[in-house]
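The values are calculated or read from the model by the stated rules, or taken from the named source; none is laboratory data. Since the model is a prediction, treat every value here as computed from it, not as a measurement. Virtual Cβ from ideal backbone geometry, glycine too; neighbours counted across all protein chains shown. For the accessible areas, the whole protein counts, side chains as well, though only heavy atoms, and no ligand, DNA or RNA atoms are used. Shrake-Rupley method; radii C 1.70, N 1.55, O 1.52, S 1.80 Å.
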Amino acid sequence: MKKNNVFKDIVEKKIPSEILYQDKKITVFSDISPKAPVHFLVIPNKIIPSLNYIKKRDKNLIFHMLRTAIAIAKKKKIYRTGYRLIINCNKNSGQEVPHLHIHILGGKKLPSI
Ligand code: AMP
């Protein structure tokens, strides 16, 4: 069984967060420690521990997460100036929370990778 985590608690509103968007499948909320002027996280409502765990049956979910990230970029007016989507996976990437999430970063010139 997948253990609950802080992001699942956000989905279930057991802990406070600034939720920007939520539907039956996904939730978008502000990162508590923003690394850029615009920094949101897009997560599935169900627990997927990391990118390594996505299955074929999740393809609509993943597409929905990406389309929503683009919609958020438009809403937050970084669509034209540019933005970065990041998915960290496991220890060497710095993944802290074992619940798949896409970072949306923008609002300034981001350092090259
Ligand atoms: P990662 O390093 O890719 O696992 O990213 C986890 C992100 O979650 C970090 O940018 C944290 O600042 C953010 N974070 C952790 N706890 C919370 C929380 N309670 N509410 C919002 N963002 C959080």
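For ILE19, the conditions (1) closer than 15 Å to ILE102 by Cβ; (2) free of Cβ contacts under 8 Å to residues at least 60 places away in the same chain; (3) in contact with a Ser or Thr (Cβ under 7 Å, 6 or more places away or on another chain); (4) within 13 Å of the ligand (Cβ to nearest atom) all hold with the exception of (1). Of all residues in segment 98-113, those satisfying the criterion of being assigned to a loop (DSSP other than H, G, I, E, B) and open to solvent by 20 Å² or more (accessible area, probe 1.4 Å) are PRO98, GLY107, LYS108, LYS109, LEU110, PRO111, SER112, ILE113.
What strands (runs of 3 or more DSSP E) completely inside segment 7-96 contain at least 1 residues that are touching a helix residue (DSSP H, G or I) at 6+ places or on another chain (Cβ under 7 Å) and open to solvent by 80 Å² or more (accessible area, probe 1.4 Å)? Here the list reads 19-22.
Within segment 51-86, the residues that satisfy the criterion of being free of Cβ contacts under 8 Å to residues at least 40 places away in the same chain and under 20 Å from ASP9 (Cα atoms) are LEU61, MET65.
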